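Let me begin by presenting the structure, written as structure tokens, before commenting on it.
Readers should treat all values here as calculations from the given coordinates under stated rules, not as data from a laboratory. Just so it is clear, the structure is predicted and the values come from calculations on it, not from any experiment. No Cβ is skipped: glycine too gets one built from the backbone with ideal geometry, and neighbour counts run over all protein chains shown.
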Amino acid sequence: MGMFSRMAEQKITEAMAKGEFDNLSGAGKPLIIEDLSHVPEELRMSYKLLKNAGILPEELQLQKECVQLRDLLHACREAGEQQRIRRKLTEKSLRLRMLLEERGLNASSVFYEYELAVRKRLEG
């Protein structure tokens, strides 16, 4: 064991003896390990930062908007309004497809799963 490892172990042991770890948030609870295997390795850190900040990545935001627009289209009865919503949905869908291709995510099932989750949340 190297010098720094021994020093770190000593500091941790001292802190534990003083009870400095006793009141940490999440103490005694299992760790929640996130599965980011569907996210390309080079994007994982940025996705994690966005998630921690409460911000959706652009492709997920677009997916959410497409789900909402489809639902709005099904509920709409006015022809002019339907046309406006269809045009907006087409634009968002096209932008989403372009983003997914650009980022190499077009073969991933995660967006279908996300759409299902958004629909379930909107219904419930």
In straight Cα distance, which aspartates and glutamates are under 17 Å from Lys92, not counting same-chain residues fewer than 8 positions off?
Glu58, Glu59, Glu65, Asp71, Glu81, Glu101, Glu102, Glu115
Mean separation of Cα contacts under 8 Å (at least 6 apart) over the residue count of the chain, i.e. the relative contact order in percent, is 25 percent
Amide N proximity, the range 46-71 versus Ser93 label position 7 Å along Cα-to-Cβ, cut-off under 12 Å:
66-67, 69-71
Report, ordered by chain and residue number, the aspartates and glutamates lying within cross-link reach of Lys51, taken as a straight Cα distance under 12 Å and ignoring same-chain residues fewer than 8 apart.
Glu34
Per DSSP, the loop-located chymotrypsin sites (Phe, Trp or Tyr not before Pro) within the range 1-49 having at most 13 other beta carbons within 10 Å are Phe21
Would you be so kind as to identify which of Gly2, Leu24, Ile85 lies farthest towards the positive end of the dipole of the chain, taking Lys and Arg as +1 and Asp and Glu as -1 on Cβ and the Cα centre as origin?
Ile85
Karplus (6.51, -1.76, 1.60) ³J(HN,Hα), θ = phi - 60°, over the range 11-27, in Hz, Gly and Pro reported as x:
5, 5, 4, 4, 5, 5, 5, 7, x, 5, 9, 5, 10, 6, 5, x, 4
Shape call for the range 58-123 from the C-alpha gyration tensor, a ≥ b ≥ c root eigenvalues: rounded (a/c under 1.5), prolate (a/b greater than b/c) or oblate?
oblate
Option label - volume of the Cα convex hull per residue in Å³ computed here, alternatives (i) 94; (ii) 167; (iii) 126:
(ii)
